[in-house]
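S.K.: Submitted below is the structure of interest, expressed as structure tokens.
Bear in mind these aren't lab numbers, they're just calculated from the coordinates by the rules spelled out. Model, not experiment: these values are computed from the prediction. Heads up, the Cβs are rebuilt from the backbone with ideal geometry, glycines too, and the neighbour counts pull from every protein chain shown.
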Amino acid sequence: MPRPRLRDLGIIIGEMPTGRYNAITDVADVLVGHTTLIYDEPRVARTGVTVISPRRGDVFRDQCFAAYHSFNGNGEMTGVHWLEESGLIGSPIAITNTHQVGIVRDALVAYEIERHPESEWLLPIVAETYDGWLNDINGFHLTAEHVHAALDSAAGGAVAEGNVGGGTGMICHGFKGGIGTASRLAEIEGSTYTTGVLVQANYGSRRDLRINGVPIGQMILEEAAPIPWRRPPAGSSIIMIIATDAPLLPQQCRRLAQRATVGLGRVGGFGHNGSGDISPTGLALPGDGRGG
């Protein structure tokens, strides 16, 4: 039986209705795929990669307006210079662990060039958070084949959450972290638009956790839910990917990405100096073509 989501427990966040799956895939033509690596020999692996593929994987031919925002940049995200310059993305986006950004980036390039040999260059977007507390991060477990498997498995509908893909080895507020997703519907002048978010959460201290405004982290006794470290990991990171079918221009995408930091603050993230809150990184992927 899958673990319940907040709404299954009767906890409703906000007032707007959700999309069908309450996931980033409620935005038309956005696909998500994971590759998850969990084993103990020859070295401990608790890691993986998650891909977000707009335009049902054909974003190379039909690029999206996009933007990003760095709240606190102790982290890595490739491709941001061209993203800033052009306001466009032309390949799937991937999230993984800190030490494997390079191989994931190269695998995305190779995958797209194999499908589109006419391409002369590509600058894909790959972001990371650190999973070295649970994963032997210097084991370099991910290969190009793992990235390609995530791309090939990318699908719409319900999205696997938690201990999967790039989120496999992540920790959040002293609990098991990982992948999360949600969506909301907004009606504007008679039209309904969908906004979806996917996060890789690896941030925050136990005492700062808030759920729907309630300081839950201060109410949970350590005897009931022990923290396995004498000194809990400091800083840490979160990546937030935002997709929308609203017809936004790149500057408007950036404004949307900036507002992801408000959501982070509501649940107890503060952009610590050692935290890679690269939009925390936000990307808006309008579904109506280049501006609609």
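S.K.: Report the charge-dipole magnitude of the chain in Debye, nearest 20, computed about the Cα centre from +1 at each Lys and Arg Cβ and -1 at each Asp and Glu Cβ. Could the numbers behind the result be given before it?
M.R.: On the way: 23 positive and 30 negative charges, 194 e Å.
The calculation lands at about 940 debye.
S.K.: Could I have the simple spin-label model distance between residue 84 and residue 21, label points 7 Å from Cα toward Cβ, reported in nm to one decimal?
M.R.: For residue 84 paired with residue 21, the spin-label model returns 3.3 nm.
S.K.: What residue among 236, 91, 191 has the largest mean-square fluctuation in a Gaussian network model of the chain, using Cα springs under 10 Å?
M.R.: Taking springs between Cα atoms under 10 Å, the residue moving most is 191.
S.K.: Which value in nm describes the separation of the simple spin-label points at residue 224 and residue 28, placed 7 Å from the Cα toward the beta carbon?
M.R.: Taking the simple label geometry, residue 224 and residue 28 are separated by 4.6 nm.
S.K.: Under the classification rounded if a/c is under 1.5, otherwise prolate if a/b is larger than b/c and oblate if not, where does the chain fall, given a ≥ b ≥ c as square roots of the Cα gyration tensor eigenvalues?
M.R.: Verdict is oblate for the chain.
S.K.: Are there any helices in the chain, counted as whole DSSP H runs, that stretch 15 Å or more along their axis by Cα and score at least -0.5 on average by Kyte-Doolittle, and if so which?
M.R.: 101-115
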